[in-house]
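Asker: A single structure is presented below for examination.
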Amino acid sequence: MRTLDELINFYENLSAADVERFDAFYTADAWFKDPFNEVRGIDAIQRIFRHMFKQLEAPRFHVCQRIVDAGGDVVLVWELHFRSSLLGGAQMLRGVSHLRFAGDGKVSYHRDYWDAAEELYAKVPVFGGLMRLLGKRLSA
């Protein structure tokens, strides 16, 4: 059984090589969802993180806050720091992960919440300008 501290340490020190260790922290049939993916199983989750390491330069998670409820659900508030030539250098994406654990202490449910429009699309040249214009038009 892994502790929450071990899981946070895993994410905060995650490297491309560590992606192969997800089975130490996730059940074989774990469910994962973020704004771009919805998958089940270790292999599919690993594929998402391998892709992250291919697309981003030096991605690094920092867990800013943890919230644990009486039923055992966990919410992690995090920042993802990375570099991207497409987005113009150093970047930060803010998000929240909702986790549930199986009886063996491994993650069985992982839902990431982050605003793809604000945290990603708005930073892309040309497209970002259109997103900001749309945001201005829609704001009160």
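Asker: Scan the range 51-64 residue by residue and report those that are out of contact with any strand residue (DSSP E or B) (no Cβ under 6 Å at 6 or more places or on another chain) and more than 18 Å from G95 (Cβ to Cβ).
Answerer: K54
Asker: Check the range 29-50 and report whether any residue there is in contact (Cβ under 8 Å) with a residue 40 or more places away in the chain, touching a strand residue (DSSP E or B) at 6+ places or on another chain (Cβ under 8 Å), of a type outside the set (A, V, I, L, M) and part of a loop (DSSP other than H, G, I, E, B).
Answerer: yes
Asker: Follow-up question, since we're still on this one. Can you tell me which residue is farthest from H110 (Cα to Cα) among those in the range 10-21 that are in a helix (DSSP H, G or I) and more than 14 Å from the chain's Cα centre (by Cα)?
Answerer: Among them, the one singled out is A17.
Asker: Run Q91 past the list (1) modelled with pLDDT under 95; (2) in a loop (DSSP other than H, G, I, E, B); (3) over 17 Å from T3 (Cα atoms) and report the number of the one that doesn't hold.
Answerer: Every condition holds for Q91 apart from (2).
Asker: Something else: May I ask you to verify whether E6 is among the acidic types (D, E) and more than 19 Å from D104 (Cα to Cα)?
Answerer: no
Asker: Could you run through the range 27-56 and say how many residues are aromatic (F, W, Y), touching a helix residue (DSSP H, G or I) at 6+ places or on another chain (Cβ under 6 Å) and within 19 Å of G105 (Cα to Cα)?
Answerer: 1
Asker: Do any residues in the range 93-112 that are under 15 Å from I48 (Cβ atoms) and of a type in the set (A, V, I, L, M, F, W, C) have Cβ atoms under 6 Å from those of residues that are surrounded by 15 or more Cβ atoms within 10 Å (Cβ to Cβ) and at pLDDT below 95, where the two are at least six apart or on different chains, and which pairs are they?
Answerer: L93/E119
The values are calculated or read from the model by the stated rules, or taken from the named source; none is laboratory data. Keep in mind that what you see is a predicted model, and the values were worked out from it rather than measured. Note that each Cβ is placed from the backbone with ideal geometry, even for glycine, and that neighbours are counted across all protein chains shown.
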